[in-house]
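Okay, structure first, notes after.
The values are calculated or read from the model by the stated rules, or taken from the named source; none is laboratory data. Everything quoted here is computed from the prediction, not taken from an experiment. FYI the Cβ positions are ideal-geometry reconstructions off the backbone, even for glycines, and counts take in every protein chain you see. Only protein heavy atoms, including side chains, enter the accessible area calculation; ligands, DNA and RNA are left aside. Shrake-Rupley method; radii C 1.70, N 1.55, O 1.52, S 1.80 Å.
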Amino acid sequence: MNPKIIITEDGSNTLFVPSLNENYHSSYGAIQESRHIFINTGFLSVKKTNINIFEIGFGTGLNALLTYIEASKNNQKTYYETIELYPLEHEIIKALNYPQILTPLEKDVFFKIHSTWNEEIEISDFFTIKKIKADLIDFKFDKQFDLVYFDAFSPEVQPEMWTKEIFEKIFKQLNINGVLTTYSAKGSVKRILKETGFKIEKLSGPPGKREIIRATKLKNHF
């Protein structure tokens with residue numbers, strides 16, 4: 001992948017992948033984009049004391065760190081499982097500036113989140129993470145979830161991740177009233193989500209993006 005670190009407009013880092021001509025986050029601001037799409041639209045919309053989250057595309061670990069921070073405010077018991085086919089090299093992780101911006105008094109949290117793959121790690125009494133190096137297409141779930149962060153590369157770059165088969169697979173693993181949130185508001189994505197059985201909400205996006213999608217499973221469809 002050979003990603004390159006760049007600085008976005010809110011001062012936070014993202015990565016640029018030359019071979020894909022794709023950023024991991026918006027150039028308008030990595031932190032503000034992730035917080036808007038996955039925390040404000042996703043995490044805060046699920047009103048549960050104990051919450052199970054599944055993230056597609058662990059990437060830089062920014063969504064996980066922001067979730068840890070939000071969960072810590074109310075000691076909300078959070079289990080966070082995430083899948084990534086291309087984990088980042090340690091040197092890149094060390095160079096990202098999220099700990100300095102978001103957790104200056106506990107910088108080690110970010111590195112603990114990145115530390116171990118394929119087993120559960122208890123970051124705190126209220127936040128446990130399991131990172132899995134795998135391809136979602138072949139992945140076998142063993143848990144049900146309340147919330148999905150769908151943060152794969154764009155449909156143009158990674159079309160195999162935005163198919164009806166993938167969304168049906170996710171739909172089956174969501175609890176009733178479970179939520180999927182994603183940055184893409186393409187017509188084809190909305191159509192597939194509706195066909196899968198989700199209720200779609202088109203919401204205002206972060207700077208640089210007009211709309212995003214929140215999809216809710218109101219009943220079993222299969």
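The number of residues in the range 73-88 that are open to solvent by 10 Å² or more (accessible area, probe 1.4 Å), on the phi < 0 side of the Ramachandran plot and either in a loop (DSSP other than H, G, I, E, B) or of a type in the set (Phe, Trp, Tyr) (or both) comes to 7.
When the range 95-111 is filtered for residues that are assigned to a helix (DSSP H, G or I) and either in contact with a Phe, Trp or Tyr (Cβ under 7 Å, 6 or more places away or on another chain) or open to solvent by less than 90 Å² (accessible area, probe 1.4 Å) (or both), the ones remaining, listed by number, are Ala95, Tyr98, Pro99, Ile101, Leu102, Asp108, Val109, Phe110, Phe111. Annotation for the range 64-72: no member residue is free of Cβ contacts under 8 Å to residues at least 12 places away in the same chain and either in a helix (DSSP H, G or I) or of a type outside the set (S, T, N, Q) (or both). Of the strands (runs of 3 or more DSSP E) lying entirely inside the range 113-222, those containing at least 3 residues that are over 18 Å from Ser45 (Cβ atoms) and under 15 Å from the mean Cα position of the chain (by Cα) are 127-133. Checking Ile92, Ile53, Ile121, Ile37 one by one, the residue that is open to solvent by 10 Å² or more (accessible area, probe 1.4 Å), touching a strand residue (DSSP E or B) at 6+ places or on another chain (Cβ under 9 Å) and in contact (Cβ under 8 Å) with a residue 40 or more places away in the chain is Ile92 and no other.
Taking Glu91, is it part of a loop (DSSP other than H, G, I, E, B), more than 20 Å from Met161 (Cα to Cα) and out of contact with any Ser or Thr (no Cβ under 6 Å at 6 or more places or on another chain)? Answer is no for this residue.
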